[in-house]
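Q: So that we are looking at the same thing, I have put the structure below in structure tokens.
The values are calculated or read from the model by the stated rules, or taken from the named source; none is laboratory data. On a predicted model such as this, the values are computed, not experimentally measured, just so you know. Here Cβ is always computed from backbone atoms with ideal geometry, including for glycine, and neighbour counts include all displayed protein chains.
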């Protein structure tokens with residue numbers, strides 16, 4: 001586990017305890033929670049007892065995450081829509097999938113960073129587990145469009161992947177679609193980005209500057225934590241359009257789950273993940289703050305207040321894990337060919 005500890009140590013900055021009790025306590029009272037500064041505590045948050053993290057699983061999952069051969073066409077990988085160099089998103093209003101097809105529901109790709117802290121995955125919350133969620137885009141006709149059988153056939157045709165699975169899961173492990181998705185999920189669990197905000201809540205008063213602290217006060221006073229709380233500052237199912245109608249609601253047919261509930265996006269790295277909302281229609285973070293206040297809280301936020309909240313939100317931009325792009329193992333004569341149809 002030495003490699004994993006080094007990986008996580010890069011992310012975490014431990015602050016000294018200070019006297020910044022008032023703002024910190026107010027935040028904690030509103031159900032905000034920092035990413036733990038202690039490595040062992042953090043591991044307990046991101047680990048799954050049924051599928052423990054190991055260096056071998058992380059490396060295997062990273063290869064699979066970046067491997068476009070998991071798609072029918074052989075040109076789309078998980079990283080295509082969840083680009084780790086772009087805040088874990090693709091930077092467009094709606095994701096483009098197989099056959100250069102726009103998402104039929106006009107859905108915007110959420111960030112994969114810190115997704116381990118979400119209580120639910122996917123916009124309609126139909127999955128609560130990262131490893132299960134990873135199965136969905138691979139098989140979706142509008143995304144990677146690969147059948148589970150095709151994915152397994154490609155992976156088992158590559159000797160290096162077979163060896164990697166044996167090292168990660170044991171020599172008697174059968175390579176299944178579920179196991180492939182599980183390895184991807186293990187890698188995604190390590191994509192944690194502690195930020196100055198976390199350092200502040202963990203005791204470092206100097207982690208936030210004066211403007212960020214003022215913005216934090218406004219964020220708390222306006223009631224933003226009614227939806228954006230917990231470690232993820234989001235990631236739970238909430239009623240959408242509580243107080244007013246979202247002005248772009250007619251674009252796309254997504255209306256949430258059968259109860260009208262929608263997964264609240266994380267605010268972590270929010271300054272890097274435009275455009276905003278489920279259909280990606282708002283590009284300005286200031287406009288997104290004002291729109292959300294209107295439709296969810298039923299209040300009007302001034303430009304000054306929105307700017308103050310934005311100042312705070314920039315403190316949520318986290319330290320990204322250092323990643324080396326993997327060299328993927330070569331295909332063989334037995335590897336099913338790309339299919340663009």
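Q: How many residues does region 208-230 contain that are assigned to a loop (DSSP other than H, G, I, E, B), surrounded by fewer than 18 Cβ atoms within 10 Å (Cβ to Cβ) and in contact with a helix residue (DSSP H, G or I) (Cβ under 6 Å, 6 or more places away or on another chain)?
A: 1
Per-residue answers, yes or no, for (1) modelled with pLDDT under 95; (2) buried (at least 16 other Cβ atoms within 10 Å of the Cβ); (3) over 22 Å from residue 71 (Cα atoms):
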residue	(1), (2), (3)
125	yes, yes, yes
132	yes, yes, no
142	yes, yes, no
146	no, yes, no
153	no, no, no
162	no, no, no
172	yes, no, yes
175	no, yes, no
178	no, no, no
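Q: Let me ask something additional. Within region 196-207, can you find the residues that are farther than 15 Å from residue 25 by Cα and either in contact with a helix residue (DSSP H, G or I) (Cβ under 7 Å, 6 or more places away or on another chain) or crowded, with 17+ Cβ neighbours inside 10 Å (or both)? Full working, then the answer.
A: As a first pass, look at region 196-207 and keep what is farther than 15 Å from residue 25 by Cα: 196, 206-207.
Across region 196-207, the qualifying residues are 196, 207.
A quick yes/no check of all residues on (1) within 25 Å of residue 236 (Cα to Cα); (2) assigned to a loop (DSSP other than H, G, I, E, B); (3) in the same structural domain as residue 143 (by TED's automatic domain parsing):
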{"residue": "27", "(1), (2), (3)": "yes, no, no"}
{"residue": "52", "(1), (2), (3)": "yes, yes, yes"}
{"residue": "65", "(1), (2), (3)": "yes, no, yes"}
{"residue": "75", "(1), (2), (3)": "no, yes, yes"}
{"residue": "93", "(1), (2), (3)": "yes, yes, yes"}
{"residue": "105", "(1), (2), (3)": "yes, yes, yes"}
{"residue": "108", "(1), (2), (3)": "yes, yes, yes"}
{"residue": "113", "(1), (2), (3)": "yes, yes, yes"}
{"residue": "116", "(1), (2), (3)": "yes, no, yes"}
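Q: Moving on. Condition first: buried (at least 16 other Cβ atoms within 10 Å of the Cβ), part of a helix (DSSP H, G or I) and in contact with a helix residue (DSSP H, G or I) (Cβ under 8 Å, 6 or more places away or on another chain). Can you find one or more residues in region 319-341 that meet it?
A: no
Q: What is the number of the single condition among (1) in a helix (DSSP H, G or I); (2) over 23 Å from residue 120 (Cβ atoms); (3) out of contact with any helix residue (DSSP H, G or I) (no Cβ under 7 Å at 6 or more places or on another chain) that residue 251 does not meet?
A: (1)
Q: Quick one: how many residues across region 248-258 are out of contact with any strand residue (DSSP E or B) (no Cβ under 9 Å at 6 or more places or on another chain) and in contact (Cβ under 8 Å) with a residue 12 or more places away in the chain? Talk me through it step by step, then tell me what you get.
A: Filtering region 248-258 down to residues out of contact with any strand residue (DSSP E or B) (no Cβ under 9 Å at 6 or more places or on another chain) leaves 249-253, 258.
Still in the running and in contact (Cβ under 8 Å) with a residue 12 or more places away in the chain: 251-253.
Qualifying residue count for the region: 3.
Q: Taking region 35-76 as the search range and keeping residues that are touching a helix residue (DSSP H, G or I) at 6+ places or on another chain (Cβ under 6 Å), surrounded by fewer than 17 Cβ atoms within 10 Å (Cβ to Cβ) and more than 30 Å from residue 100 (Cβ to Cβ), which one is modelled with the lowest pLDDT?
A: 39
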